[in-house]
Amino acid sequence: MLVLIGPTAVGKTALSLSLAKAWNAEIISGDSMQVYRGMNIGTAKIMDAEREGIVHHLIDICDPDEAYSAADFQAGARAAIEAAASRGKLPFVVGGTGLYIESLCYDYKFADNGSDEAFRREQESFAAEHGAEALHRKLAELDAETAERLHPNDLRRVIRALEVYHLTGRASSDQLRGEEKQSPYELCIIGLAMDRTELYRRIDKRVDLMLEQGLLDEVKTLIAGGAGVHSVPMQAIGYKELVQYLHGECSFDEAVIRLKRDTRRFAKRQLSWFRHMRGIEWVDAGENFHNNLQRIHAIIAGKFKDHLEYTSNQSFVDGGNFQ
């Protein structure tokens, strides 16, 4: 299984198309927000017309009011991997949601810790009265590692992490750390990184482009379709900031500032997660990236040298724009 990871705006999507063509692959999205229909601009979702004939899995499979977990992703991705392999295609996971990708690569066994609806409602009421930040601080006191990886406005996952602790007396991060982390796959994991200043510049530029493309109208459409303040779309970065503007909590300019700030913080959390993953071959995706493209293909060839039937007839190095 080929895997491409990295923070938001680093260039994963464009590179993934080139690699998929060169290695006869089908792409499995490892993004927790791209599963939702209607969340297109704010998630930088690759649309049908942009996929260049490459099959993509786990995109647009849920409505915004549906719950979707890491365990759901794991099950769906496994099915997609089997389907791709049955067609003689290389399964290729691309994304930036660390828990989703790591749970798939190393076959995490998600414990069925049960649920406590009364406890969830209690935490939702606490957040409504005291604010999402206060609820996030409660989690940080019990499970600092999970709190670091979750944005305070990601109420659904913050509450679930609190619920797991409430039900089991153990932090979610402790449970994951206890996994053996054995992979059922022959893995090749490529990580894209770049100078932090350049990454932040690209994030700001991407936000500006999303706004030009109609992100505000996308948020309005989701709200008109019934997405509530605690629904997944309204908690996601790029959406919650504009909801604050629409609710009169800040000016449009302030919402844009918050959106860029929150996206930079999100990228930092992504990198923090990936730093703890093993087996990643890191590649600089900065201004000299084209010089590193051949190295990426060499890494893949080295990992899959006994399975070269995946290789297409295309040249390993093309002149695509991965910016």
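Coordinate-derived values only; no laboratory data. The structure displayed is predicted, hence computed values, not measured ones. Methodologically, a virtual Cβ is constructed for each residue, glycine included, from the backbone with ideal geometry; neighbour enumeration extends over all protein chains shown.
If packing is taken as the average count of other Cβ atoms within 10 Å, what order do 233-240, 286-293 fall into, highest mean first?
Descending packing order for the listed peptides: 233-240, 286-293.
Going down the list Lys205/Lys303; Lys21/Lys109; Lys12/Lys303, which pairs span over 30 Å between their C-alpha atoms? Walk me through the numbers before you get to the answer.
On the way: Lys205/Lys303 35 Å; Lys21/Lys109 32 Å; Lys12/Lys303 20 Å.
Exceeds cut-off: Lys205/Lys303; Lys21/Lys109.
Which whole-angstrom value gives the distance between the alpha carbon centres of region 237-294 and region 52-81?
First find each Cα centre; the distance between them is then 22 Å.
Calculate one ³J(HN,Hα) per residue across region 32-42 by plugging θ = phi - 60° into the Karplus curve 6.51 cos²θ - 1.76 cosθ + 1.60, and present them in order as whole Hz with x for glycine and proline.
6, 9, 6, 5, 8, 5, x, 9, 9, 5, x
So how long is each side of region 7-67 along the principal axes, counting just the alpha-carbon atoms, biggest first, in Å?
Reported extents, whole Å, longest axis first: 37, 22, 19.
Tell me the mean residue ellipticity at 222 nm calculated for the chain from its helices only (DSSP H runs of n ≥ 4, each -39500 (n - 2.57), averaged over every residue, nearest 500).
That calculation yields -16000 deg cm²/dmol at 222 nm.
In debye, nearest 20, what is the charge dipole magnitude of the chain about its Cα centre with +1 on Lys and Arg Cβ and -1 on Asp and Glu Cβ, if you could check? Intermediate results must be reported in sequence, preceding the final value.
On the way: 39 positive and 48 negative charges, 145 e Å.
Approximately 700 debye in magnitude.
Could you point to the residue in Ser18, Met33, Ser125 farthest towards the positive end of region 1-152's charge dipole, with +1 and -1 charges on the Cβ of Lys/Arg and Asp/Glu respectively?
Comparing the listed Cα positions along the dipole, Ser18 ranks first.
For a quick check: with amide H placed at 1.01 Å from N, whose amide H comes under 5 Å from Trp282's, ignoring anything fewer than 5 positions away on the same chain?
Those lying under 5 Å, H to H, from Trp282 are Gly191.
When a/c reaches 1.5 or more, the comparison of a/b and b/c decides; with that in mind, is region 158-240 rounded, prolate or oblate per its Cα gyration tensor?
oblate
How charged is the neighbourhood of Gln213? Take every other residue with its Cβ under 12 Å from the Cβ of Gln213, and add Lys/Arg as +1 and Asp/Glu as -1.
With Lys, Arg at +1 and Asp, Glu at -1, the neighbours total -2.
With the contact rule set at Cα under 8 Å and sequence spacing of 6 or more, what percent relative contact order holds for the chain?
Relative contact order comes out at 28 percent.
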